[in-house]
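A short reminder: the numbers here are calculations on the coordinates, not readings from a lab. Treat the numbers as computed from the prediction; the structure is a model and nothing was measured.
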Amino acid sequence: MADKDTPRILIVDLIGLAPDSAGGTDHSAAKAHVEARGGVFHLGSVADHPAPQAGRPHFYYMPMLSTEAELLAEAGDGRYDAVIAAATLLPAATRFDLGGVRIGAGTGNMRSASWGGGDGLGGVAPLMNTPGINARATAQMVMKAVLRVRPDLPVDVMNDLVAQGNFDTGRDLVRFPTAKLEGQVFAVIGYGNIGREVAKLARAFGMRVRVHARPRHRDWIESEGFDYADSPVSAATGADVISVHIGLGALGPDGYANAGLIGAGVMAALSHGAVLVNYDRGELVDTAALADALASGQIDHAAIDADLFRDMESGTLSGPMLPYLDLLSAHRAKLSLLPHAAADTDHPTRVAGAIQAIDQILDAIQKGQVRNLKGDLPDGLTNAGGTRPHGMGGVSAHDLNHLSGEAGKLDTLSSLAADLARHAEDLKAGATDQLGRDFVMTCNRLAQMLRASGLEGPYLG
């Protein structure tokens, strides 16, 4: 039976990625946070430690658990009350009657029947996530993937030629024409935390950004200066780069709703020689269609980030990366394959996510308050709403309530807005020479203060 007074909480993924002095990974920040909240942090299984001290939460750190057999042996009998995970796939038969938190947004790997599986519908326990915690890190990796191949300057080749003294700037540069990103079309599929951050970065390079999302997002997408597309094909039409950030969707009898979403039709709509980035879920791309598009040159390069697992005894590989491996023999030079590393290699992001997950699971157990709920809210608990990093995803009522308490900041915003309105009226009267500097300076200061206050993006309510 679950014990809310002395809960046992399993952590199955790394909660720090930087090396420590002992040659492992540094989990010290998360450990310190557990202790600051009155908890006890243990290395290893509950079975390897004495009976936990009553009245305190106990965390058991086992980041090397990986296979279904290992997880079922450790957590299939209800010995743990809750769990914190990142990428590890939790089988349905694992049991955590007081809840689970996924470090990150998507919860498809959180398949325990305790909360009804990855969508959190059913079960006895709450399923939570930490949305936005890794959005900026992922978006930066998306742009890194694009910049690896666009603009298409062969940096390694030119570096070798220069190192060999075998290059003349006046004569040889003509052999390496490129096309800058500015003015090219970047299609983003999805307007969640990551999709929006990708769109903002692409715009910073001067690209024309086209976003596909549900129709209810259209006004907000256009208000941020992006083009709206009502379908993935519309978004892809004539695009030079496409990046998908829509998630797998609901799991039905025929699989996930968005599996294969980036298929032959979407790929055919792209500009010839386009770049495809899938740093979301491997299943979102139809790999047979991708093979054809790579062969024809319709897609010049594909960057994929998807889970890959290897059985320690047999060496057998599994995971959504597998179908992409089959493309290597024919298209190795056109592929960049990562093992779901884009969002999972940034140490500060993982630490922040772990600390937030610790707070969320303790608040759910000790206070009955569930933040960032995915799916159903079990009886006896309260939905405490959502939390996310500052400026991430949009503006919430909570953000505005917080701002209402900062009178000085609101006074400055009001003053700048009044100055802008006054300068605009003066410009209408033809006072460009006298007021041009003041007008532009006020625009810059107002825009900067709005950004710093997190007042951009959709209103979340």
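For the set 200/409; 144/200; 4/31; 180/200, the pairs lying more than 22 angstrom apart at their alpha carbons are 200/409. When only Cα pairs below 8 angstrom with a gap of at least 6 residues are kept, region 135-338 shows a relative contact order of 15 percent. Mind putting together the pair-distance distribution for region 275-405? All Cα pairs, 10 Å bins, whole percent per bin, short to long. The distribution over region 275-405 is 10, 26, 25, 22, 14, 4, 0, given as percents. Computed across the chain, the Kirkwood hydrodynamic radius from all distinct Cα-Cα pairs reaches 24.6 Å. Of all beta bridges that DSSP places with both ends in the chain, some 10 percent have antiparallel geometry. Taking only C-alpha pairs under 8 Å that are 6+ residues apart, what is the relative contact order of region 1-128 in percent? 24 percent. In region 173-297, the inverse of the mean reciprocal separation of distinct Cα atoms equals 15.0 Å; this is its Kirkwood hydrodynamic radius.
Hydrophobic, long helices, defined as DSSP H runs whose alpha-carbon span along the helix axis is 20 Å or greater and whose mean Kyte-Doolittle value is at least 0.5, occur in the chain at 135-149. With only Cα atoms counted, region 119-244 has Rg and Dmax values of 19.6, 72 Å. Close amide H contacts of residue 386 (hydrogens built in the peptide plane, cut-off under 5 Å, sequence separation of 5 or more or a different chain): 372.
For the chain, the relative contact order is 14 percent, taking Cα pairs closer than 8 Å that sit 6 or more residues apart in sequence and dividing their mean separation by the residue count.
When the Debye formula is applied to the Cα atoms of region 397-452, each taken as the same point scatterer, what base-10 log of I(q)/I(0) results at q = 0.29 Å⁻¹? The calculated log intensity ratios at q = 0.29 Å⁻¹ are -1.12. Database remark: amide H of residue 117 closer than 5 angstrom to the amide H of 112 (H placed geometrically; neighbours at sequence offset of 5 or more, or on other chains; Pro and chain starts carry no H).
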